[in-house]
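Reviewing the structure listed below.
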Amino acid sequence: MTDLPHDPSAGVTASPTELSDRRLVLWHFSAALVFLVITLIAGTLTSLQLAGRHPSTGIPWLSAGRWQMIESPAAIYGFLANAFLGSLHWIVPRMTGKSVWNRALSQLSFWLWQLVTLGAVAGILAGDAQGIDGGETPVFIDPLVLASLCLFVANFLPPIIRQAGPLPESLWYIGAALVWVVPTYAIGNLIPEHFVSGVSAAAIQGMFQSGVTNLFLAPLGWGLMFYFVPVLAGRPIWSRRWSLIAFWMLAIFSPLAGICHYLYTPMPMVVQQLAVIFAVAMEFVLLANAVNLGMTIWVARAPVASILPLRWIATGLVLFLVCCLQGAILNTFVFQGLLHFSDFDLSHSQLLQFGVFAFWLFGFMTYLIPRLLKTAWFSRKLCELHFWFSTVGIVMLWADLLLTGILQGYKQSALELWSNVVDSSHVFRILEPFASLTFFVGQMFFLINFIQTWSISPFNRHPNETAVVATAKSNACRKLVAIRLVTGLGLFAWLCFTLALPLFWSSNHAPAEPVKNLPNPNLMYQVEDLAQRYPEPFREYFGEPTREAAAELLRRGRQIYVGEGCWRCHSQVVRPVGNDALRWGPISEAWEYDNALQRPALLGTRRIGPDLSREGGRHSNDWHAVHLFQPSLVSPDSPMPEYPWFFDGAPNKPNAAGLSIIAYLQWLGSWLDVYPYYERYRSPQQLEQQMLEEGLEKKQAKP
Amino acid sequence: MTQGNAFSFNRSTDRTDDRFMSGANRTFNIACRFMFLSVALWAVGCKPTQDANWAPREEVFQLPARAQKQLKEIVEKYCGTPRSPKWIGSDAPSMEQLLRGETLFNRLCAACHGLNGDGAGRAAQYLDPRPTDFRRGIFKFTSTPYGAKPVRDDLLRTIRDGAKGSAMPSFALLAENDLRALVDYVLVLTHRGELEEMLLTEAQGDDEIDLASVPGYLQRITDRWAAANDQIITPISPFVPYSEASIKLGETAFRTDAAGCYKCHGNDGRGRIVPSVEFHPGAPPARAADLTSGMLRGGFRPIDIYRRIFAGINGTPMPSFSLLLKNEPDTIWNLVNYVEYLSDTRRRELKTAVSGTRQPSDAKANTP
């Protein structure tokens, strides 16, 4: 192709076309799009469930509960990570002048990564998820994820470290992301699952949840942006100093900021306050970068509207500012009291994933794909449609969730009946699938365009042309390499240190209560009641209603609670704000979480359904059975999925799963004095006082 | 295309582009429209519509056509329809209040209690105990003597607090006014059921309803409900304070023939020694309550327990002890205290359990 579009980056490196394996980049992009489709199917199914229009008829692997958990792993590890890695395969060799460490390793890590991500999706569909937000990947997948992450790091880090001359800001960010990703994933997934429980686990989970964004996706995103924006705008970055200040602030402040997801929980107050301070500092980082990139585009007077990749990026930046503002609001005590666990949270995270990172990546891809395939886009119109459908879709979804969230927050703290809270958001729930589908259709245009472009590409006819040759470029001197290694180790150490801080503060240093100790007299009543109501299945699966049987019920019940995604829609924490205590009962305390069933801690992510930490004794076992079998039987407007596979055909025939989950629900809160009269329990002494106040006469003791 | 744009197209592909789009545009448009239309239809959907009137009892359909028609007309004349419910008797609540009650009832209660209050909603067959059939006019947890009607506050308390241990949940978050509206609507359903039953009995005997007898039936319903307000049980003696001595005395009465509670509730109060009793033909068997569960369905205040013992529980084998214990009024209070003590059993075990969930004090002890 002689009439290849002019490449403004052509001057940056000598012979870029030979540096990277084009096919690998394209594979990564293709995989990213496949996972994007999976993500969107998950999102659409979830929104249909909430609108009360889920197509499933009691098929476990179609359950919205499970698909909801697929959404974030498929988005983060499947779509975003693949697209980022593809872009890295393109730009790291170009910026450093060296190809990746080992090309065979690139192939291996690509396939391993797809295997791992598909395995995670399959595992979750089979009902084997992990109760960590952002880390729903099944426990058995975790080591494999770590292994493939290590492969990526080993592949990309050497060229960056050995690059001659000063590192461009882009490589600072990318290098840091590579340093952070392995410890973040390891600490976030392994520690709360195997080593600590309760509040300490929750602290780690909170940091992981934001760590995935702040320590993995965001630095990669910034790194690529600091490359692509100057290239597209045709002008160097506006202020190099700002970008480096922002980098160091990110490195210092971001790890601890994650606890902002758990304000007002029983976590030590000092950790919560530190988290708020760190989160505010983080806002400055993000703003500085956004302004820096925005100014680069502004000063260059680049025609944002007509250069499509630049339009994607600029739109992404605007949405990013919105996202930051929302994050800043969420991370303060005042607003979190009202908005936590509402859809406001979700509108923030959805915008970040699909409005910010995805938009940047679409920009990169729109720019790169014609270059990779050595032909122009098959259809510019489809590109435009992709842009407009995506923009309209994500803004609709964002606004919809935002309004739902505010409404939920108000209704919940106004102590409205739960069905009123659900009812009031019904209009928005109906709109949600439309927004998801609009976005979905946009991606379909992109996919079609991609496939068509590939099919007309000359690359398609001669795929073996892409021999990769690293240009001989001088290596950095030993001193520079040493400095970079030390800096990398420093970043690594600081991350581990800040992640260990809350562990130190929030742990009571006692071993978690094992499951066999957890059955208490209140739970035993419910277990005996289950054995009496459903004698055949109980005897068949659990024998006699003993403490051992109860422990087994709890263990299995918790597995189901996690595997079916209950924890995604039900929280397990009563906060001291938002009238939580008036609605549910005593405010949660840290000791309640010190047991093996809170490993990882199931504080929850949203309150689509009511909080469950005070659920024990609130409803009877037969009610729970009917409700799990088909929620609409007892509460007609409930958006909860049906779980007929917990039963053998009818609500009065629970199987092992049904018995376990009911026992687990009855256990929640059963350890409290006030069980089951959480709201108005009185001790006998208080009752006597009450009788006197009601005017009853007290018998006087005989003289 | 401007020269130097990072995003530009050469002419040849632009043309293919147009050709493709002319066909594609149409296809996409149709596809999009179809998709959105189908989603719109799906989202709006069809909600089940409610029948114009409450369903009558099944027995009504076995009557001769004339009597059937008569019965339905009379019931509709005096009790109205779901969209315009009528109140039998004096102190009728406003229509607005009744309609508010209807809305709430259909949303919150009908799934178990049925739209006409027959206790046979969609979930009912799987629940034990069964939801109350309001049409029979029998309510369990009352502050009035055995066989008498409840007062409004009794129904209100059950809705607000629920019947702990049964499938009846608490609706404590409903506003007072909404609770009252629900009670009023439940009473409309109850009155209607009672009138229907009386008419049915007459029609089954005579194959025809004598219209002259209707005012008598209405009066009977009005009188019985009005009477309840004057029958509220107040304790016949001052209450005995909660003390170890009183609990001991209560325990003795409980475990001997003095009160004889042990016969059904067992020596340990767990109510599992006697087989379940089938009190009403066809109804699921009633079980004596496990008093140690900490869940007393009729309320856990001493006065609630006093009334359960003094008046018994309507529609169940739990008898009234007012006659038996007439001469030893303190024994009732001792029993009340003993039941309070029993219902605290698990709470006490929770505190003293050797292993169990860690308590706040332990957690503090473990903090360095």
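The values are calculated or read from the model by the stated rules, or taken from the named source; none is laboratory data. Small disclaimer: the values here were computed from a predicted structure and weren't measured. Here the Cβ positions follow ideal geometry from the backbone for every residue, glycine too, while neighbour counts run over all protein chains shown.
Here are the numbers:
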read-out: Test set (1) closer than 23 Å to A:THR498 by Cβ; (2) in contact (Cβ under 8 Å) with a residue 12 or more places away in the chain - A:PHE195 fails condition number; value: (2)
read-out: Residue tally, condition in a loop (DSSP other than H, G, I, E, B), touching a strand residue (DSSP E or B) at 6+ places or on another chain (Cβ under 7 Å) and at the interface with another protein chain (Cβ under 8 Å from one of its Cβ atoms), over region A:502-522; value: 1
read-out: Unmet requirement for B:LEU249, which otherwise passes all of (1) touching a residue at least 24 places away in the same chain (Cβ under 8 Å); (2) closer than 30 Å to A:SER635 by Cα; (3) among the aliphatic types (A, V, I, L, M); value: (2)
read-out: Given (1) under 28 Å from the mean Cα position of the chain (by Cα); (2) in contact (Cβ under 8 Å) with a residue 12 or more places away in the chain, number of the condition A:ARG547 does not satisfy; value: (1)
read-out: A:ARG568 vs. criteria touching a Lys or Arg at 6+ places or on another chain (Cβ under 9 Å), away from every other protein chain (no Cβ under 14 Å), closer than 27 Å to A:HIS426 by Cβ and surrounded by fewer than 23 Cβ atoms within 10 Å (Cβ to Cβ); value: no
read-out: Some residue of region A:16-25 being modelled with pLDDT of 80 or more, buried (at least 23 other Cβ atoms within 10 Å of the Cβ) and more than 14 Å from every other protein chain (Cβ to nearest Cβ); value: yes
read-out: Evaluation of A:ASP343 against (1) within 24 Å of A:ALA233 (Cβ to Cβ); (2) away from chain B (no Cβ under 14 Å); (3) crowded, with 23+ Cβ neighbours inside 10 Å (one fails), failing number; value: (1)
read-out: Filter result (among the small types (Gly, Ala, Ser), without any contact (Cβ under 8 Å) to a residue 24 or more places away in the chain and either within 30 Å of A:THR498 (Cα to Cα) or not in a loop (DSSP other than H, G, I, E, B) (or both)) within region A:276-327; value: A:GLY294, A:ALA314
read-out: In region B:70-93, the residues that are part of a strand (DSSP E or B) and surrounded by 15 or more Cβ atoms within 10 Å (Cβ to Cβ); value: B:GLY80, B:PRO85
read-out: Single condition B:GLY282 does not satisfy, out of (1) modelled with pLDDT under 90; (2) under 27 Å from A:TYR675 (Cα atoms); (3) surrounded by fewer than 18 Cβ atoms within 10 Å (Cβ to Cβ); value: (2)
read-out: Scope region A:46-59; condition within 13 Å of chain B (Cβ to nearest Cβ) and either outside any loop (DSSP other than H, G, I, E, B) or of a type in the set (Gly, Ala, Ser) (or both); matching residues; value: A:SER47, A:LEU48, A:GLN49, A:LEU50, A:ALA51, A:GLY52
read-out: Residue tally, condition part of a loop (DSSP other than H, G, I, E, B), within 14 Å of chain B (Cβ to nearest Cβ) and either within 30 Å of A:THR605 (Cα to Cα) or of a type in the set (A, V, I, L, M, F, W, C) (or both), over region A:523-565; value: 0
read-out: Pairs with Cβ under 6 Å, 6+ apart, first in region A:417-446 and more than 9 Å from every other protein chain (Cβ to nearest Cβ), second basic (Lys, Arg); value: A:VAL421/A:LYS411; A:SER424/A:LYS411
read-out: Single residue of A:VAL153, A:VAL145 found to be among the β-branched types (Val, Ile, Thr) and buried (at least 22 other Cβ atoms within 10 Å of the Cβ); value: A:VAL145
read-out: Out of A:ALA302, A:ALA288, A:ALA257, sole residue that is of a type in the set (A, V, I, L, M, F, W, C) and within 14 Å of chain B (Cβ to nearest Cβ); value: A:ALA302
read-out: Residues (buried (at least 21 other Cβ atoms within 10 Å of the Cβ), under 30 Å from A:VAL577 (Cα atoms) and either of a type in the set (Asp, Glu) or within 14 Å of chain B (Cβ to nearest Cβ) (or both)) located in region A:354-412; value: A:ASP400, A:GLN412
read-out: Residue under evaluation A:ALA164, criteria (1) touching a strand residue (DSSP E or B) at 6+ places or on another chain (Cβ under 9 Å); (2) at pLDDT 90 or above; (3) of a type outside the set (Lys, Arg), criterion not met; value: (2)
